[in-house]
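The values are calculated or read from the model by the stated rules, or taken from the named source; none is laboratory data. All values derive from a computational prediction rather than experimental measurement. Glycine gets a Cβ as well: all are built from the backbone with ideal geometry, and neighbour counts include every protein chain shown. Side chains are part of the model used for accessible areas, which takes the heavy atoms of the whole protein and leaves out ligands, DNA and RNA. Shrake-Rupley method; radii C 1.70, N 1.55, O 1.52, S 1.80 Å.
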Amino acid sequence: MRVPFGVILVLALSGGADMGGADILVCRCGAEPTLPPRDLGPLLRPILDRHNLPGMVAAIIQGDQIVAIGAAGVRRRGGGEKVAVADRFHLGSCTKSMTATLCGMLVEEQKLSWETTIADVFPELVSKMHPAYRTVTLRQLLTHRSGAPADLQAGGLWDRLWHHRDDPVKARQMLLEGVVTRPPEARPGTKFIYSNAGYAIAGHMAERLAGRPWEQLMRERLFKPLGLQSAGFGAPGSDRSVDQPRGHTEAGNPVDPGPNADNPPAIGPAGTVHCSISDWAKYIALHLQAAEGHPRLLKAQTFKVLHTAPEGQDYAMGWSTTSRPWAGGKVLTHAGSNNMWYCVVWIAPRKDFAVLGCCNQGGGAAAKACDEASWALVQYELANRP
């Protein structure tokens with residue numbers, strides 16, 4: 001089974017859900033919370049039932065604290081292992097903002113700049129590179145304006161990447177050469193084209209200049225400083241036991257960890273991170289607080305670049321930017337899926353909260369369920385404020 005990433009960038013947040021929640025869990029994101037987080041499990045269970053999905057986790061954060069968190073359902077359809085809040089879920093394209101954040105760190109260290117070009121980093125390819133790609137910048141790659149293709153089927157590149165899993169860095173070099181030696185899908189800088197390839201190239205630029213694989217850079221520069229101990233890459237868990245949730249196809253079939261359980265590591269910077277909902281909340285809190293004017297790890301100006309879309313566009317660097325009345329204005333949002341998992345996050349800086357949720361199934365029903373859950377979480381948060 002070989003499936004490219006399926007991603008929905010902005011959800012409607014229309015719908016509703018029951019708002020129960022009496023059980024108490026203890027979980028923290030950053031500083032010690034003033035009250036134990038409320039349990040979202042009773043809110044999630046009817047949503048799973050309505051959409052016939054295996055499992056879901058969700059959280060609400062304010063500032064750097066989790067104020068509500070919960071889990072519902074099972075790790076594997078038909079099995080008895082219950083989903084727990086500590087379980088790891090695949091984030092799909094919500095990895096993209098992590099890659100952009102990593103690039104921001106390297107920009108601040110002057111290893112990169114937003115205007116660094118592909119030709120600057122890979123001069124050995126200039127003679128083979130299509131001329132249009134020589135001046136493509138890191139900024140254009142991270143805002144999907146590089147002309148990089150929306151898929152990687154041309155010339156059999158996608159199949160070659162599926163069979164090259166031993167060395168992710170070499171695989172990304174193969175991807176780079178397969179993309180830049182062909183004409184771009186559009187003239188760089190002129191059109192928004194959502195491209196996993198563009199993010200893979202950006203991640204490869206980072207690892208070339210930093211001298212370490214993207215996966216290692218993510219662990220050292222992002223996961224460790226933020227305390228994301230559950231974070232890793234690819235499908236979580238072992239194929240020997242149901243120790244973590246399984247991803248499920250749109251038809252509801254579970255997929256055991258292994259080569260068919262995720263896309264190839266070559267496009268890791270575009271979407272292969274997994275982690276627990278509480279660890280993802282720690283990362284989301286970093287961006288929520290920065291959007292409120294309280295930056296950590298990066299300078300305020302760097303976060304401003306990450307959160308600001310080019311003129312005439314609503315996609316920044318790993319974030320869709322839009323506005324919602326319930327948020328009092330601007331929101332940052334993204335969704336991710338490898339067609340076996342689905343997740344979504346909404347950040348409302350003016351209201352000082354964010355909602356995030358994950359489901360261990362891909363496809364339309366999962367997207368609708370996460371949309372419904374997001375709206376229920378927003379209503380729940382606003383209704384439970386002092």
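Order of 345-358, 146-159 by packing, highest average Cβ count within 10 Å first?
Ranking, from highest mean packing down: 345-358, 146-159.
Run the dipole for the range 89-162 about the Cα centre, Lys and Arg Cβ at +1, Asp and Glu Cβ at -1, nothing else charged, and hand back the magnitude in debye, nearest 20.
Dipole about the Cα centre, nearest 20: 140 debye.
Would you mind telling me the share, in percent, of accessible area of the chain contributed by carbon and sulfur at probe 1.4 angstrom? Please list the in-between numbers first.
Details: 7200 of 14490 Å².
That share works out to 50 percent.
So if I restrict to the alpha-carbon atoms in the range 182-280, what is the Rg, and what is Dmax, the biggest pairwise distance, in Å?
For the range 182-280, the Cα radius of gyration and maximum Cα-Cα distance read 16.1, 49 Å.
Taking the Cα centre of the range 246-325 as origin, sum charge times position over the Cβ atoms of Lys and Arg (+1) and Asp and Glu (-1), and report the length of that vector in debye to the nearest 20. Mind dumping the intermediate values first?
Working: 6 positive and 7 negative charges, 72 e Å.
It comes to approximately 340 debye.
What residue among Gln289, Gln229, Gln173 shows peak mean-square fluctuation when the chain is described by a Gaussian network model with Cα springs under 10 Å?
Gln229
How far is helix 168-180 tilted off the main Cα axis of the chain, in degrees rounded to 10, range 0 to 90?
The answer is roughly 60 degrees.
In nanometres, what is the gap between the two model label sites at Asp243 and Val126, each 7 Å from Cα along Cα-to-Cβ?
Each label point lies 7 Å from its Cα, and together they span 4.9 nm.
State the label only: which of (1) 25.4, 80; (2) 19.8, 64; (3) 22.0, 67 corresponds to Rg and Dmax of the Cα atoms in Å computed from the shown model?
Read-out from the structure maps to (2).
Along the charge dipole of the chain, pointing to its positive end and built from +1/-1 on Cβ of Lys, Arg, Asp and Glu, which listed residue (Leu297, Leu377, Ala251) has its Cα farthest out?
In the chain, that residue is Leu297.
Going by amide H atoms built from the backbone, whose H comes under 5 Å of the H on Gly70, apart from near neighbours?
For Gly70, the qualifying residues are Leu40, Ala58.
FRET efficiency for Gln313 and Leu382, Cβ-Cβ distance as r, R0 = 35 Å, nearest 0.05?
Result of the calculation: an efficiency of 0.75.
Suppose R0 equals 25 Å. What FRET efficiency, 1/(1 + (r/R0)^6) with r the Cβ-Cβ distance, do Arg350 and Met174 give to the nearest 0.05?
Between Arg350 and Met174 the formula returns 0.05.
Between Lys82 and Ala300, what length comes free when the chain is fully extended (0.36 nm per residue of separation minus the Cα-Cα distance, one decimal in nm)?
Length gained, Lys82 through Ala300: 74.4 nm.
With a 10 Å radius around each residue's Cβ, average the other Cβ atoms per peptide and rank 120-132, 270-282, 76-88, 242-254, highest first.
Ranked from most to least packed, the peptides come out as 270-282, 242-254, 76-88, 120-132.
Can you give me the angle between helix 364-383 and the longest principal axis of the chain, using Cα atoms only, in degrees from 0 to 90, rounded to the nearest 10?
It works out to around 60 degrees.
Taking the Cα atoms of the range 210-331 alone, what are Rg (to one decimal) and Dmax (as a whole number) in Å?
In Å, with Rg to one decimal and Dmax whole: 17.1, 50.
Quick one: grab the alpha carbon gyration tensor of the range 254-297, order the square roots of its eigenvalues as a ≥ b ≥ c, and give me rounded if a/c is under 1.5, else prolate or oblate depending on whether a/b is larger than b/c.
Working: a/c = 4.79, a/b = 2.34, b/c = 2.05.
In terms of gyration-tensor shape, prolate.
For the range 84-201, with equal point scatterers placed on the C-alpha atoms only and solvent neglected, what are the log10 I(q)/I(0) values from the Debye formula at q = 0.09 1/Å, to two decimals?
Those come out to -0.26, one per q.
Between Ala171, Ala200, Ala366, where does the largest GNM mean-square fluctuation fall for the chain, given springs only between Cα atoms within less than 10 Å?
Ranking Ala171, Ala200, Ala366 by mean-square fluctuation puts Ala171 first.
Using only Cα atoms and rounding to the nearest 10 degrees, what angle (0 to 90) does helix 41-51 make with the longest principal axis of the chain?
70
Ratio to report: Rg/Rh of the range 42-143, with Cα atoms as the point set and Rh obtained by the Kirkwood method; give two decimals.
Expressed as Rg/Rh, it is 1.22.
Collect residues whose amide H, placed 1.01 Å from N in the peptide plane, falls under 5 Å from the amide H of Arg182; neighbours closer than 5 in sequence don't count.
His130
If you take the charge dipole of the range 59-147 about its Cα centre, with +1 on Lys and Arg Cβ and -1 on Asp and Glu Cβ, which of Ala59, Thr116, Ala84 is farthest toward its positive end?
Ala84
Enter the accessible area per residue of the chain (Å², integer; probe 1.4 Å; all protein chains in place).
Numbers: 14490 Å² over 386 residues.
Spelled out: the 1.4 Å probe surface of the chain, per residue, equals 38 Å².
Give, rounded to the nearest 20 debye, the magnitude of the charge dipole that the chain has about its Cα centre when Lys and Arg contribute +1 at Cβ and Asp and Glu contribute -1 at Cβ. Can you show the working numbers first?
Values: 40 positive and 35 negative charges, 82 e Å.
Dipole magnitude for the chain comes out near 400 debye.
Using every Cα-Cα pair within the range 277-386, state what percent have a distance larger than 18 Å. If you can, show how the numbers build up before the last one.
On the way: 3110 of 5995 pairs.
Pairs farther apart than 18 Å: 52 percent.
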